[in-house]
Structure formats: C-alpha cells, structure tokens
Amino acid sequence: MSVSDGAVFHHTCFVVRDIEQTASSLAKSLGVAFALWTIETTSGQVKGKDARVAFRVAIAQVGDASFELLSPVSDDNVYTEHLAAHGDGFHHTCLGYPTLAALRAARDELLKQGRTVVQSGAVGDAAEFYYFDMPELRSVLELLYLGELPPPEKTIG
C-alpha cells in the first residue's frame, strides 16, 4: 500500500486573515472565480484533543486541481497557529481520495510510518480530512475525502 494509491493532487492551500479581500484580489489577477463556503466540522481533533473547527474556504478550480484560500473562524486550530507564527501564506498541499476507505488506508499507512496527525475533522458524510506534519518539507500534507458539496455561499470573481 502506498499513500499515493488512488490519490489525486487536489489543492494547494494558503491560510489568510481576510479571505474575501484575498479572493477578490487573486480573482482579478489570475482570472479565476472563487467559490466560498463556511465549514464546521462535526468531529475531529487538534493535536490529539477532541475539537470542532470552523473555517471559511474559497476554492478556485485551475485545471484538474484547485487553489484554496482558508481563513479560521474558530480559535483553537492549526490555522490560527500558522497565522500567529507566519502570517498569511502557504499552509499545505492536499491529496484527494475517491472513497473513505482509500483515505483511511492512506492515513493508516502514514501513521504506521510514525507520522503525526496535527489536525483532523469530519463534516458528517460529506468530508473527512487529516493533516500530517511533514517536517522534511516544513509543511503539512492533507489527506482528503470530499463528497458532494452544497452550493457555495458566494462566488468571488
């Protein structure tokens, strides 16, 4: 089993303080449109402690992958920690999986290798994700299963 089995490159994520201003600026510069949602996890963990996390996400499709902007709504999560330490900027790269079983098999493989989950969450049956610390990249790798999203709250660009 390889973590990349069945995976596709899904998105690159930048954590920002002002998601609407950043999406508007990038939409003009890049000629893309961002779809915006507010996400609240129904379960999950932050650094091993049970937590529900809320954030806003803006996604622009670019070819077969996406450009993602993310802004925290709740306080106790890896996003607010990143903003405090580094300010706005690159946060993670994401691999997407076609099924929950494939996602969980990839998660289990990284755990077996001794990798650390720094944040995880589920949004009912619609999505499940795991952020793994990747110290050799000084970054985070997200593993994601994403079902069908509701229509976006807003489109920018």
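The values are calculated or read from the model by the stated rules, or taken from the named source; none is laboratory data. Since the structure is predicted, the reported quantities are computational estimates derived from the model, not experimental observations. Glycine also receives a Cβ, built like all others from the backbone with ideal geometry; neighbour counts cover every protein chain displayed.
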When you check L36 against the structure, is it of a type in the set (A, V, I, L, M), in contact with a strand residue (DSSP E or B) (Cβ under 6 Å, 6 or more places away or on another chain) and on the phi < 0 side of the Ramachandran plot, yes or no? yes
Listed residues A65, A127, A105; which is surrounded by fewer than 19 Cβ atoms within 10 Å (Cβ to Cβ), modelled with pLDDT of 95 or more and under 27 Å from M1 (Cβ atoms)? A105
Unique residue being over 18 Å from F14 (Cα atoms) and at pLDDT 95 or above when the list is L143, L111: L111
Do we have any residue at all in segment 106-119 that's out of contact with any helix residue (DSSP H, G or I) (no Cβ under 7 Å at 6 or more places or on another chain), part of a strand (DSSP E or B) and of a type in the set (D, E, K, R)? no
Restrict the check to segment 34-51 and report whether at least one residue is closer than 22 Å to L143 by Cβ, acidic (D, E) and over 17 Å from the mean Cα position of the chain (by Cα). yes
Residues in segment 41-93 that are more than 23 Å from S24 (Cα to Cα) and assigned to a strand (DSSP E or B): how many? 6
Looking at A27, is it within 20 Å of C94 (Cα to Cα) and either of a type in the set (D, E, K, R) or in a helix (DSSP H, G or I) (or both)? no
Can you find, within segment 88-101, the residue that is nearest to D18 (Cα to Cα) among those that are in contact (Cβ under 8 Å) with a residue 24 or more places away in the chain and surrounded by fewer than 17 Cβ atoms within 10 Å (Cβ to Cβ)? D88
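Yes or no, residue by residue, for (1) without any contact (Cβ under 8 Å) to a residue 60 or more places away in the chain; (2) surrounded by fewer than 16 Cβ atoms within 10 Å (Cβ to Cβ); (3) in contact with a Lys or Arg (Cβ under 6 Å, 6 or more places away or on another chain); (4) within 17 Å of Y145 (Cα to Cα):
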{"position": "S4", "(1), (2), (3), (4)": "no, yes, no, yes"}
{"position": "F9", "(1), (2), (3), (4)": "no, yes, no, yes"}
{"position": "C13", "(1), (2), (3), (4)": "no, no, no, yes"}
{"position": "I19", "(1), (2), (3), (4)": "yes, no, yes, no"}
{"position": "A23", "(1), (2), (3), (4)": "no, no, no, no"}
{"position": "K28", "(1), (2), (3), (4)": "no, yes, no, no"}
{"position": "L36", "(1), (2), (3), (4)": "no, no, yes, no"}
{"position": "I39", "(1), (2), (3), (4)": "no, no, no, yes"}
{"position": "V46", "(1), (2), (3), (4)": "no, no, no, no"}
Residues of segment 68-80 satisfying the condition of being modelled with pLDDT of 95 or more and of a type outside the set (S, T, N, Q): E68, L69, L70, P72, V73, V78, Y79
Select, from A85, A122, the only residue that is surrounded by 13 or more Cβ atoms within 10 Å (Cβ to Cβ) and either within 23 Å of F14 (Cβ to Cβ) or of a type in the set (A, V, I, L, M) (or both). A122
Give all pairs with beta carbons closer than 6 Å in which a residue from segment 130-157 that is surrounded by 13 or more Cβ atoms within 10 Å (Cβ to Cβ) meets a residue that is assigned to a loop (DSSP other than H, G, I, E, B) and of a type in the set (D, E, K, R); count only pairs at least 6 apart in sequence or on separate chains. F132/R115
